[in-house]
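Worksheet: one structure, shown below.
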Amino acid sequence: VNALAVTRVIAPVKDSTLLGTVQKTIDVIRAEGAIPHINHPNFLWSIDSATLFRVRNDKLFEIFNGHPTVHNLGGGDWPSMEEVWDGLLSGGKRLYGIAVDDAHHFQGEFSAARANPGRGWVVVRTPTLATASIVHALEAGQFYASSGVTLSDVSVSPSTLRIRIAQQGDFKYTTRFIGADGTVLATDRTLNPTYTLKGREQYVRARIIDSGGAAAWVQPVFTSRYIDRTP
């Protein structure tokens, strides 16, 4: 678990169970007035979906981590991070997904086997660059996550989710609007993908993939049909 805008170094805390260790860490970070995020659950297959669902007072977790040894796409009987995300959302736990590069190697060779910077980030909608403003916007889901795709705008009305993709080179883009249980609600291949609510959705989020494999993830929009069962 990492902390955003922490004011001092927080000593590691442990418990006899994985859930207890994660929860105690969340609680210590909150006590500092900082905002926690759960990092790379699929690294070493460390944190399963059932444990993630039972964590309290968390809003952010990594759906993409650029470190070469993190299993973002899952494998075998272990789900991908997006599958985990939709499972948690569909179960009634509100979480927003972040992307990070998890950079460790800033000098020397840049290669797929090294943890170099620039592989994952977030873009936040905030009126000021003050730290508090940025982290509170993150916790409110006012951002998108990216591994390379840039968006010009994301706008939400009571009935519509609109996205504007910033064209880069001659790349082509595919946007999928995704709802409960990971169901693809619609596919749009334009630079201005739009989804209009049909009235039966619990939430709608979007994933934009470019023709080179980079992605952007738009945070879920929750409707009045969504039942929040956050522990």
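The values are calculated or read from the model by the stated rules, or taken from the named source; none is laboratory data. Predicted model only: the values in this text are computed from it and were never measured. When we count neighbours, we look across all protein chains shown, and the Cβ atoms used for this are built from the backbone with ideal geometry, even at glycine. Ligands, DNA and RNA are stripped out before the accessible areas are found, and what is left, the full protein with its side chains, is counted by its heavy atoms. Shrake-Rupley method; radii C 1.70, N 1.55, O 1.52, S 1.80 Å.
In table form, for the structure just shown:
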| read-out | value |
| --- | --- |
| Filter pass, Ile209 being surrounded by 16 or more Cβ atoms within 10 Å (Cβ to Cβ), in contact (Cβ under 8 Å) with a residue 60 or more places away in the chain and under 20 Å from the mean Cα position of the chain (by Cα) | yes |
| So Asp181, is it of a type in the set (Asp, Glu) and under 26 Å from Gly87 (Cβ atoms) | yes |
| Residue match in segment 60-76 (condition: more than 23 Å from Val221 (Cα to Cα), free of Cβ contacts under 8 Å to residues at least 40 places away in the same chain and either open to solvent by less than 30 Å² (accessible area, probe 1.4 Å) or of a type in the set (Asp, Glu) (or both)) | yes |
| Any chance Ile178 is closer than 28 Å to Leu52 by Cα and under 19 Å from the mean Cα position of the chain (by Cα) | yes |
| The one condition in (1) closer than 24 Å to Arg205 by Cβ; (2) part of a helix (DSSP H, G or I); (3) touching a strand residue (DSSP E or B) at 6+ places or on another chain (Cβ under 6 Å) that Pro36 fails to fulfil | (2) |
| Verdict on Leu95 being under 25 Å from Arg229 (Cβ atoms), touching a residue at least 60 places away in the same chain (Cβ under 8 Å) and hydrophobic (A, V, I, L, M, F, W, C) | no |
| Residue that is farthest from Gly75 (Cα to Cα), among those in segment 24-50 that are of a type in the set (S, T, N, Q) and within 19 Å of the chain's Cα centre (by Cα) | Asn39 |
